[in-house]
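The values are calculated or read from the model by the stated rules, or taken from the named source; none is laboratory data. Computed from a predicted model, the values in this text were never measured in an experiment. Cβ placement follows ideal geometry from the backbone for every residue including glycine, while neighbour counts extend to all protein chains displayed.
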Amino acid sequence: MVITDPRPGARARPARSRSLGRGVIVLAGAALLAAGWLALDFLGRPDVEVARIPEGGRMPRAVIDPAGAVHVIYFEGVMSGGDLLHVARAASGTGWTEPVRVNSDRKSAIGMGPMDGGHVALDGAGRLHAVWFQTNPARIFYTRSAPGGAAFEPQRILWQEDHRIEAAPSVAAGGDGRVYVFWHAGAGQDADRAVYMTASEDGGDTFGPARRVSKAGEGACGCCSMAALADGSGAVHVSYRSARENVRRDQRLLVSGDAGRTFEDRPIDEWKIGACPVTTTTLSAAPGAARVAWETAGRVFYAPVDRLDAPVEPGGEIRFRRKNPVVAVNSRGDTLLAWGDGSGLRAGGTLHWRLFDAGGRPLGEQGSDTSVPSGSAPWAVVKPDDSFLLLF
C-alpha cells in the first residue's frame, strides 16, 4: 500500500501503516509452508493505494474509464458556494492533470459537508455526467463532458421548485445510453419529503419530467445523501435514508429492473432517531450483485443488494462515530470498505479501511493512516489490475 502525492509528476511514497510489507509477507508465508502450515489467505490480498486529491479539494467522487484513467470531481470553495473541479490521471501515472471547472456558473455548488458537492457517473461511451445542487432557489444542475473530454458543457437546470433541498442529487449511467438523476425534496417536514427521478434515454441530450419514485409515507431524511447505480440491462439501484413519522430514519433501497419505469422500495437497516443524523451512502458494481454501504448509529456496514439481511461490519475499536462509508468491489469479489472515524458531523475524522473476500471474511488487518479534511469523506475505485485506489 502506498500514498500518492497529488502534484504532477510526483513519486509514490510508502504509507505509514501497521500492515507488513509485501516482501515480509511473502517470506513469512514461505516459512509457514515449510513448517507444514496451509497457505495464508492474505497472501493474495489486493493492494490499496491511498492518494490525496489536489490540495484544498473536498468531497471527491471518482470513476475509472476503460483505459484505466481515473477521473475525479471534487468541491473547492466556501460552504455556501464553490466550484466543482475535474482532474484525471493516467492508468500508469501518479500526478493529476490541471483542474478543469465543471460548473459553468461560478460558485453555484454547495459544500457544507460530505452530503453535498457533486456526483459523477461514466456511461458506456466514456462520457462523464455530473450533478449538483444549489439553494435559494432550490435547483438541481446537470452537465456532461464535451466531445473529446477536455471540458464540460454549460450547466443545465433539471429541476427547480419551491421545495427544500439539503443534500446532493445522485446520477447513474448505464451502457445503454440511459442517464438517471435522483434527489429528495419536500416543502414540509422530513416525513413529507420524497425521492424524485428524471431520466434521459439519449445520453443526456434531453430529460423527461421529474416524478416521485419512493414509497408513499416513507419520507426522506433532509441532510442525508443518496447513491445511485445503473447498468445496461435496465437494473437501477438507489440507496436513501427515509424519515417515516420523522423518527424512522431507516436506510432503504429502491430497486428497478425495467430501466426506472417502476421501483420496489426495500428496507436495508432500521434506525429510530428523532433528528437527521447527516449520513452518506454508496453503491458499487460487483460480480453477481452490487454492494451497498451505509451508517447506522455510528457503525458502518456493507451488504450485497440481494442479501440485505447479511450485512458485514468491520471489527476493531470505534473511538468516535464511524461515518461516510464507501464501498468498492473488484472482479474477484474482494471488497474495500473505507470510512472516517470522527467526533462531529462535519469532522472528516481518521481514515480507516478494511478488505474483505467475496464471502465477507476480513483480509488482513484494518488500515488506518491519516486524517480526512473537515467537511469531506473518502472515495474508492477499483483499478484495472483489481487493486484499489482510496482517495481523500
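Which of the residues that make up region 290-307 are under 17 Å from Trp379 (Cβ atoms) and of a type in the set (Lys, Arg)?
Arg291, the sole residue that qualifies.
If a residue must be closer than 18 Å to Arg361 by Cβ, part of a loop (DSSP other than H, G, I, E, B) and touching a residue at least 40 places away in the same chain (Cβ under 8 Å), how many such residues does region 279-294 contain?
Looking only at that region, the number is 3.
Picking from Arg249, Arg244, which residue would you name as being touching a helix residue (DSSP H, G or I) at 6+ places or on another chain (Cβ under 8 Å), of a type in the set (D, E, K, R) and either farther than 16 Å from Val120 by Cβ or modelled with pLDDT of 95 or more (or both)?
Arg244
List the residue pairs whose Cβ atoms are under 7 Å apart, where the first residue sits in region 255-269 and is more than 22 Å from Pro209 (Cβ to Cβ) and touching a residue at least 12 places away in the same chain (Cβ under 8 Å), the second is among the aliphatic types (A, V, I, L, M) and assigned to a strand (DSSP E or B), and the two are 6 or more positions apart or on different chains.
Cβ pairs passing all conditions: Arg266/Leu253; Arg266/Val255; Ile268/Leu253; Ile268/Val292.
Consider Gly148 carefully, then state whether it is assigned to a loop (DSSP other than H, G, I, E, B), at pLDDT 95 or above, out of contact with any Ser or Thr (no Cβ under 9 Å at 6 or more places or on another chain) and at positive phi. Please lay out each step first, then the result.
Working: assigned to a loop (DSSP other than H, G, I, E, B): yes; at pLDDT 95 or above: no; out of contact with any Ser or Thr (no Cβ under 9 Å at 6 or more places or on another chain): yes; at positive phi: yes.
In short, no.
Between Ala243, Ala216, which is farther than 22 Å from Pro325 by Cβ, among the aliphatic types (A, V, I, L, M) and without any contact (Cβ under 8 Å) to a residue 60 or more places away in the chain?
Every option except Ala216 fails the conditions.
Please tell me if Tyr180 is without any contact (Cβ under 8 Å) to a residue 40 or more places away in the chain and either within 11 Å of Leu254 (Cβ to Cβ) or aromatic (Phe, Trp, Tyr) (or both).
For Tyr180, the condition - without any contact (Cβ under 8 Å) to a residue 40 or more places away in the chain and either within 11 Å of Leu254 (Cβ to Cβ) or aromatic (Phe, Trp, Tyr) (or both) - is not met.
In region 156-175, which residues are buried (at least 16 other Cβ atoms within 10 Å of the Cβ) and either over 19 Å from Cys223 (Cβ atoms) or in contact with a helix residue (DSSP H, G or I) (Cβ under 6 Å, 6 or more places away or on another chain) (or both)?
Within region 156-175, Leu158, Val171, Ala172, Ala173, Gly174 meet the criteria.
Can you say whether Asp265 is among the charged types (D, E, K, R), under 28 Å from Gly113 (Cβ atoms) and surrounded by fewer than 24 Cβ atoms within 10 Å (Cβ to Cβ), as far as the supplied structure shows?
So Asp265 fits the description; yes.
Can you tell which of Glu49, Glu55 is among the acidic types (Asp, Glu) and either outside any strand (DSSP E or B) or at pLDDT below 90 (or both)? Before you say what the answer is, go through the steps one by one.
Values: Glu49 fails: either outside any strand (DSSP E or B) or at pLDDT below 90 (or both).
Among Glu49, Glu55, only Glu55 is among the acidic types (Asp, Glu) and either outside any strand (DSSP E or B) or at pLDDT below 90 (or both).
Are any residues in region 183-208 more than 21 Å from Gly124 (Cα to Cα), of a type outside the set (A, V, I, L, M, F, W, C) and without any contact (Cβ under 8 Å) to a residue 60 or more places away in the chain, and if so, which ones?
If the condition is that a residue be more than 21 Å from Gly124 (Cα to Cα), of a type outside the set (A, V, I, L, M, F, W, C) and without any contact (Cβ under 8 Å) to a residue 60 or more places away in the chain, then His184, Gly186, Gly188, Gln189, Asp192, Arg193, Tyr196 are the ones that fit.
With respect to Phe141, is the statement that it is of a type outside the set (Ser, Thr, Tyr), without any contact (Cβ under 8 Å) to a residue 40 or more places away in the chain, crowded, with 21+ Cβ neighbours inside 10 Å and not in a loop (DSSP other than H, G, I, E, B) true?
Taking the combined requirement at face value, the residue satisfies it.
From (1) closer than 25 Å to Gly77 by Cβ; (2) among the basic types (Lys, Arg); (3) at pLDDT 95 or above, pick out the condition that doesn't hold for Arg346.
Status for Arg346: all satisfied but (3).
So which of Ala185, Ala121, Ala109, Ala90 ends up being hydrophobic (A, V, I, L, M, F, W, C), surrounded by fewer than 16 Cβ atoms within 10 Å (Cβ to Cβ) and on the phi < 0 side of the Ramachandran plot?
Just one listed residue meets the conditions, Ala90.
Which residues, taken from region 333-392, are out of contact with any Leu (no Cβ under 8 Å at 6 or more places or on another chain) and among the basic types (Lys, Arg)?
Hits for region 333-392 are Arg346, Arg361.
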